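Visitor: Starting off with a structure, shown below.
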Amino acid sequence: MSSPFATNMRFKFPALAISLQIILIILFGIFVRYDTNHEHGHENITAEDDTFITLYPLFQDVHVMIFVGFGFLMTFLKRYGFSSIGINMLIAAFGLQWGTLMQGFWHLHNGKINIDILKMINADFSTATVLISFGAVLGKTSPIQMLIMTIIEIAVFACNEHLLSFLEVSDIGASMAIHAFGAYFGLAVARVLYRPALTNGHENEGSVYHSDLFAMIGTLFLWMFWPSFNSAIAEPGEHQERAIVNTYFSLAASVLTAYAFSSLFEHKGKLDMVHIQNATLAGGVAVGTCADMNINPFGAMIIGFTAGIISTIGFKFLTPILASKLKIQDTCGVHNLHGLPGVLGGLAGIIAAVMGAKENVSAAMQSAGLASSIGIAVSGGLITGFILKLPFWGQPPDQNCYDDSIYWEVPLEEGEQENHYEEGRNKIKIES
Amino acid sequence: MSSPFATNMRFKFPALAISLQIILIILFGIFVRYDTNHEHGHENITAEDDTFITLYPLFQDVHVMIFVGFGFLMTFLKRYGFSSIGINMLIAAFGLQWGTLMQGFWHLHNGKINIDILKMINADFSTATVLISFGAVLGKTSPIQMLIMTIIEIAVFACNEHLLSFLEVSDIGASMAIHAFGAYFGLAVARVLYRPALTNGHENEGSVYHSDLFAMIGTLFLWMFWPSFNSAIAEPGEHQERAIVNTYFSLAASVLTAYAFSSLFEHKGKLDMVHIQNATLAGGVAVGTCADMNINPFGAMIIGFTAGIISTIGFKFLTPILASKLKIQDTCGVHNLHGLPGVLGGLAGIIAAVMGAKENVSAAMQSAGLASSIGIAVSGGLITGFILKLPFWGQPPDQNCYDDSIYWEVPLEEGEQENHYEEGRNKIKIES
Amino acid sequence: MSSPFATNMRFKFPALAISLQIILIILFGIFVRYDTNHEHGHENITAEDDTFITLYPLFQDVHVMIFVGFGFLMTFLKRYGFSSIGINMLIAAFGLQWGTLMQGFWHLHNGKINIDILKMINADFSTATVLISFGAVLGKTSPIQMLIMTIIEIAVFACNEHLLSFLEVSDIGASMAIHAFGAYFGLAVARVLYRPALTNGHENEGSVYHSDLFAMIGTLFLWMFWPSFNSAIAEPGEHQERAIVNTYFSLAASVLTAYAFSSLFEHKGKLDMVHIQNATLAGGVAVGTCADMNINPFGAMIIGFTAGIISTIGFKFLTPILASKLKIQDTCGVHNLHGLPGVLGGLAGIIAAVMGAKENVSAAMQSAGLASSIGIAVSGGLITGFILKLPFWGQPPDQNCYDDSIYWEVPLEEGEQENHYEEGRNKIKIES
């Protein structure tokens, strides 16, 4: 592969990955400790301990969403499953370490970051923003570019999150801070990395039967565990329970409208896997901001109902417009799954604030939080895009987009298997 | 597609799905509230809160069984994976909302249904009955028919469940109330929807290598989390722990006998994936009724041992007879996984009652519970079958059975990919 | 199939499986009871109960690792998915019952084994050793051989575990007792079962695109839930939390180095799925022994960093040498995932003991524990290998290795489907 596409990663990628890991270890050595509220040698279970092990199952649910949920959701492409799962894992494993630092620096205790279960949940959360953005540029970027995006995006995310916290914005399920932020960050990156040659699609930019089934593994684990995502860091008791209940019913409602509108948009009324894989999740995104508010189950269902509709409409009508008019090629449609429902979630939070659904929540501050999340995301994404456009990060040439074989050793396909079999047969001495 | 098979769902399906969701939102607005035992502003963790978050992991296990377990278990068919996973999700998402109402109406507090974790677990349970019945008619029904079946079956299920509760029947893991009920309801529907043209099978009514692996995802998540299913609503402490322990060992025993009998029935002693995917789960079904009783681990193992055998025998000898003599075409063999082991579970409960394995449990009432569950299921299923037979629900014609492409946009297959690739190549301007 | 390969399992396998299950039921009847610390009729939740339900989510995580994690990890072979998942399930379901007895016999109370949640976790653990060994001989053994290996290996494992406990060796995540033990046991078996005809590989000993994706399901569930594996039986509170935190960060670090070295070793810098599926998990294995020690997060990350490197090096350079020089054909590379990182974990434990990272831990005893685990494993494995070499266990002939169809009814492949379809079409009377 000749320049300007230096896609051979042999030395650049290992050097970057190992350097980053060594830097992380040094910074962890300086800054990161176990949570020190425990007395050494004191072995009774304290309330603090209790929180750790009580929230641990919710942490694990979020963990599954990050690694299996996001990972498999992106395996829908016919020849890009290794990258979807594999680069997802790489981003998340690096991102959770980096996120621990970036978020922890805003909350030092005696110059140290004390790791508890909430820090781990938040570290996982910080990787979610990058995985959402990854969906917008899926198939068109190199692992090196994704590591660099992770570094920048998590740093910017932690700043925005701190700003929201300073403004006392209520966003327990992070419709704004994670979903809208991740989506608009990724769309801004995709805008800068626009590829004119892919305007009319690409032969690999589609699914096959089995890849759509693999993607449903991702969809279902995201769908099932979303109540944990929206409640994991909520105040224990009433608020946490509400967050679980509201998310449970909002998701259920968005399934019905996603299916209905998917069928409505096809001339024979057939269902489209793209909508089922994605728009069914919109209820989880959109109910995020008000998940712990007193909106009642039917309020949550109205949010989910609406989210399923706008998400499906987005896939059907907005994605083509984004690509043709705004030159934003959004591979996974993150705008429809995270962007629009994230904004809807922010707006729902403003309305809920006006209606007094949670104490001490101001509609003005909620609005500021939504504007801040989108504004900072777009700015950060544009800058990141220009950095990623530099010619030495190993970006794939157009014809190798959506193709695992440029960065992965790929086994022979079913069709090619036959020859391999014949060769193999000759090589082996069989004793029967 | 000409009548009498009006399989074009374009307006019927969206209209039905949206109407149902709007009705649900209105009914939830009138009847459903958060659990109101909390004092507003009181933020200490009460015992009640503790129950919610303590049982939440068990709820999530059940949730995984419903959406991933049942969903993937049915993906064994070669060209029906989208429907298996997708219609499973649709039924469950609609059913959990509908089930909340149908079960809640029997337990109103001041005219309201107060949502707590047990209500959510029970809502998931109510969908399980429909998903079991779905297995009996898989591949031969439309999404519209399945929504209608869900409406009726959950209503009937809630009545039977209330009757069992009134009779003080002990059925903690719902061998009778869910498994036998769901199976016989589905078999009755299948009887009415009998298709003579499918007597000799259908070209799509089989598995391929990969579809059998997808189905094992379902099997394993059902198998692993079955102890949660059987214990989730048990009395905390001793009874709940027993339910977990008994189910753990019963399932293990049924694996050994399912494998043994699968091998025994093939003339070269080979294992059959149908048995491994299903009969290994029979131990979980059959131990359900006495899961929280004092039957000791070896008692649970005897139940599992027996269940694995009768389930495998059912697949080998009974399914063909059901199809040829009774005209019941049971696609997934739910009679062998849920019907027979469910009845076994009911009988085991009667014996355990006689032996005094749980206080205040009467063998007579247990017998009444088993009879009621089967009788109401068969009646309800027959009526439902006749309703579903009406010609305007979009039922697929015989030759399109077991085929996703009638209700789903299906991507080109591996074989067809080649042409698509060539076309794609010509369409795109490549700059290298 | 002529002798000496009597691969027809029809009577041998069922007879063995049923006999074993009957023996288990009898032994359980004699020895196994529910945990009897509960007073009958006393229904308050005691501290004991609390432990059961508090640890239950961690047990379920371990359970998922055993059945889905180990099972799917081995599905990478193109035509051996049924066996990988299916025999994994068989071994685990038999092994957890057998392990309950073998471990319980060392801790009888009044002649009884009282089942609590820790006993169940340990029973699952005991099966992990066999599943690791299974990986070394995958594709070259019969289900009968695997049942026999399970009987012997779990018995030997329980003895070694008891010895380690007697020596007061600290090995909370079982780097030595499970991972090194299982690996060297399996390698010793593989050495005895060496097949010269497979020296140059076998046509089925490779992956296809989809089988590598299935294997990633296994990898990810192992990776995510490893913190539960390393902490499930740790002392509640500080130690348990440390085990979770340390494992979380160690795993993350090993991902970065596994990816880096995988790329470094390929001449175009491409990533290899074998490394990604396996070496990313090495951090979990290697941090096991010191998981609950005060090594700080950066200490855990150094262990993970190193483990990812040595594991990838092992796959690249050591596996071929083992096969050619030592005549050990290690199908899944368990030496690189469990053997080397297990030894690293043992050494890290010795260093941590010297540095005083946990009270009452002696470097000498830690060394003795490592030596004992490897020594007993190799001895036990060699003896087991000679037993398995006896000609009547149904071992497959060389040309049928790595092929499901020798022990499973396998559906027609995609390529063969076409004919089947045509035949099917003729068989069926279609009414449209």
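Visitor: Using DSSP to call loops (not H, G, I, E or B), can you name the trypsin sites (Lys or Arg not before Pro) in segment A:164-271 whose Cβ has at most 15 other Cβ atoms within 10 angstrom?
Guide: Listed in order of number, the matching sites are A:Lys268.
Visitor: Okay, moving on. In peptide C:200-208, how many Cβ atoms from other protein chains are near each Cβ within 10 Å, on average?
Guide: Counting other chains' Cβ atoms within 10 Å and averaging over C:200-208 gives 5.
Visitor: Compare the Cα positions of C:Val32, A:Asn336, B:Ser175 along the charge dipole of the protein assembly as shown (+1 at Cβ of Lys, Arg; -1 at Cβ of Asp, Glu; about the Cα centre) and return the one farthest towards the positive end.
Guide: A:Asn336
Visitor: Which far-off residues, 5 or more places away or on another chain, put their amide H under 5 Å from the one on A:Glu235, with H placed in the peptide plane?
Guide: Residues meeting the criterion, in which the H sits 1.01 Å from N, are A:Gln240.
Visitor: Taking the Cα centre of chain B as origin, work out the dipole magnitude from +1 charges on Lys and Arg Cβ and -1 charges on Asp and Glu Cβ, in debye rounded to 20.
Guide: 1340
Visitor: Taking beta carbons within 10 Å but only from partner chains, what does the mean come to for residues B:77-84?
Guide: Across B:77-84, the average partner-chain Cβ count within 10 Å equals 3.
Visitor: What angle do you read, to the nearest 10 degrees and between 0 and 90, between the alpha-carbon axis of helix A:209-231 and the longest principal axis of chain A?
Guide: 10
Visitor: Right, another one. Largest first and to the nearest Å, give the Cα extent of segment A:150-306 along each principal axis.
Guide: Each principal axis gives a Cα extent; for segment A:150-306 these are 50, 38, 23 Å.
Visitor: To the nearest Å, what is the center-to-center distance of segment B:150-201 and segment A:346-362, using C-alpha atoms only?
Guide: If you average the Cα positions of each part, the centres end up 44 Å apart.
Visitor: Mind putting a number on the dipole of segment C:241-371 about its Cα centre? Charges go on the C-beta only, +1 for Lys and Arg and -1 for Asp and Glu, and I need it in Debye to the nearest 20.
Guide: My answer is approximately 340 debye.
Visitor: Given the C-alpha atoms of segment C:109-164, compute the convex hull and give its volume per residue in Å³.
Guide: Convex hull volume per residue, Cα atoms: 103 Å³.
Visitor: Using the charge dipole of segment C:51-394 (Lys, Arg: +1 at Cβ; Asp, Glu: -1 at Cβ; taken about the Cα centre), state which of C:Phe166, C:Gly269, C:Thr219 has its Cα farthest towards the positive end.
Guide: It is C:Gly269.
Visitor: Taking H as built 1.01 Å from N, whose amide H comes closer than 5 Å to the amide H of B:Ile115, not counting residues under 5 places away?
Guide: It is B:Arg33, B:Tyr34, B:Asp35, by chain and number.
Visitor: Compute a Gaussian network model of chain B, connecting alpha carbons closer than 10 Å, and tell me which residue from B:Ala190, B:Ala252, B:Ala286 fluctuates the most.
Guide: B:Ala252
Visitor: Which one, B:Ser84, B:Ser367, B:Ser250, has the greatest fluctuation when you compute a Gaussian network model over chain B with C-alpha springs under 10 angstrom?
Guide: Among B:Ser84, B:Ser367, B:Ser250, the largest mean-square fluctuation in the Gaussian network model of chain B belongs to B:Ser367.
Visitor: With a Cα-only, solvent-free Debye model of segment A:280-366, what are the log10 I(q)/I(0) values at q = 0.10, 0.12, 0.21, 0.22 Å⁻¹?
Guide: Results for segment A:280-366 at q = 0.10, 0.12, 0.21, 0.22 Å⁻¹ read -0.28, -0.39, -0.88, -0.93.
Visitor: Any idea what the dipole of the protein assembly as shown comes to, in debye rounded to 20, about its Cα centre with Lys/Arg Cβ at +1 and Asp/Glu Cβ at -1?
Guide: Here the size comes out at about 2540 debye.
Visitor: Let me ask another. Work from the charge dipole of the protein assembly as shown (Cβ charges, +1 for Lys and Arg, -1 for Asp and Glu, about the Cα centre) and give the residue of C:Leu58, C:Ser207, C:Ala128 farthest towards its positive end.
Guide: Checking the options against the dipole of the protein assembly as shown, the answer is C:Ser207.
Visitor: 5 Å is the cut-off here: which amide hydrogens, built 1.01 Å from N in the peptide plane, fall below it relative to B:Trp408, excluding neighbours closer than 5 in sequence?
Guide: Close amide H contacts, sequence-distant or interchain: A:Leu271.
Visitor: If you don't mind, another one. Can you give me the relative contact order of chain B as a percent, contacts being Cα pairs under 8 Å and 6 or more apart?
Guide: 24
Visitor: Could you work out the local net charge near C:Ala190, counting Lys and Arg as +1, Asp and Glu as -1, over the other residues with Cβ closer than 11 Å to its Cβ?
Guide: That works out to +3.
Visitor: What value, in deg cm²/dmol to 500, does the helix sum -39500 (n - 2.57) over DSSP H runs of n ≥ 4 give at 222 nm once divided by the residues of chain A?
Guide: -20500 deg cm²/dmol
Visitor: Once phi is turned into θ = phi - 60°, what whole-Hz ³J(HN,Hα) does the Karplus curve with 6.51, -1.76 and 1.60 give for every residue of segment B:319-329, x standing for Gly and Pro?
Guide: Along segment B:319-329, the couplings run 4, x, 5, 3, 5, 7, 8, 9, 6, 10, 9 Hz.
Visitor: Next question, about the same structure. Springs between alpha-carbon atoms under 10 Å, Gaussian network over chain B: tell me which of B:Gly139, B:Gly308, B:Gly29 tops the mean-square fluctuations.
Guide: B:Gly29
Visitor: Same structure again: Could you list, bin by bin from short to long, the percent of Cα-Cα pairs of segment B:51-394 in 20 Å steps?
Guide: Histogramming segment B:51-394 at 20 Å steps yields 34, 60, 6, 0 percent.
Visitor: Once you have the Cα-Cα distance between A:Lys325 and A:Ala364, take 0.36 nm times their residue separation minus that, and quote the gain in nm to one decimal.
Guide: 10.8 nm
Visitor: Rg/Rh for segment A:211-267: what does it come to with C-alpha atoms and Rh from Kirkwood?
Guide: My calculation puts Rg/Rh at 1.12.
Visitor: As a quick test, which of the pairs C:Lys78/C:Lys140; B:Lys270/C:Lys12; A:Lys268/A:Lys316; A:Lys270/B:Lys12; B:Lys119/B:Lys358 have an alpha carbon distance above 18 angstrom in this structure?
Guide: Distance filter (> 18 Å) returns B:Lys119/B:Lys358.
Visitor: Strictly greater than 14 Å: what percent of every Cα pair in segment B:245-319 meets that?
Guide: Result: 52 percent of Cα pairs exceed 14 Å.
Visitor: Further question: Per residue of A:397-403, what is the mean number of Cβ atoms on other protein chains within 10 angstrom of that residue's Cβ?
Guide: The per-residue average across the peptide is 2.
Visitor: For label points placed 7 Å from Cα toward Cβ, what is the shortest-first list of nm distances from A:Leu412 to its copies?
Guide: Copy-to-copy label distances at A:Leu412, shortest first: 2.4, 2.4 nm.
Visitor: I need the calculated FRET efficiency for the pair B:Leu118 and C:Ile22, taking r as the beta carbon distance and R₀ as 41 Å, to the nearest 0.05.
Guide: According to the calculation, E is roughly 0.60.
Visitor: Of all accessible surface on chain C at a 1.4 Å probe, what whole percent is carbon and sulfur?
Guide: 62
Visitor: Could I ask something else about it? Which of the peptides A:121-134, A:12-25 is most tightly packed, and how do the rest follow, judged by the mean count of other Cβ atoms within 10 Å per residue?
Guide: Descending mean neighbour count gives A:121-134, A:12-25.
Visitor: May I pose another question? How much accessible area per residue does segment A:51-394 have, in Å², with a 1.4 Å probe?
Guide: 24
Visitor: What whole-number volume per residue, in cubic angstrom, does the convex hull of the C-alpha atoms of the protein assembly as shown give?
Guide: Each residue corresponds to 154 Å³ of Cα convex hull volume.
Visitor: Could you compute the longest span of chain C free of GluC sites (Glu not before Pro) located in DSSP loops and having at most 14 other Cβ atoms within 10 Å, not counting the site residues?
Guide: Segment C:169-358 is the longest.
Visitor: A further question on this structure: Stick to Cα atoms and the Kirkwood definition of Rh, then tell me Rg/Rh for segment B:51-147.
Guide: Result: Rg/Rh = 1.04.
The values are calculated or read from the model by the stated rules, or taken from the named source; none is laboratory data. Keep in mind that what you see is a predicted model, and the values were worked out from it rather than measured. Glycine gets a Cβ as well: all are built from the backbone with ideal geometry, and neighbour counts include every protein chain shown. Ligands, DNA and RNA are excluded from the accessible area calculation, which covers all protein heavy atoms including side chains. Shrake-Rupley method; radii C 1.70, N 1.55, O 1.52, S 1.80 Å.
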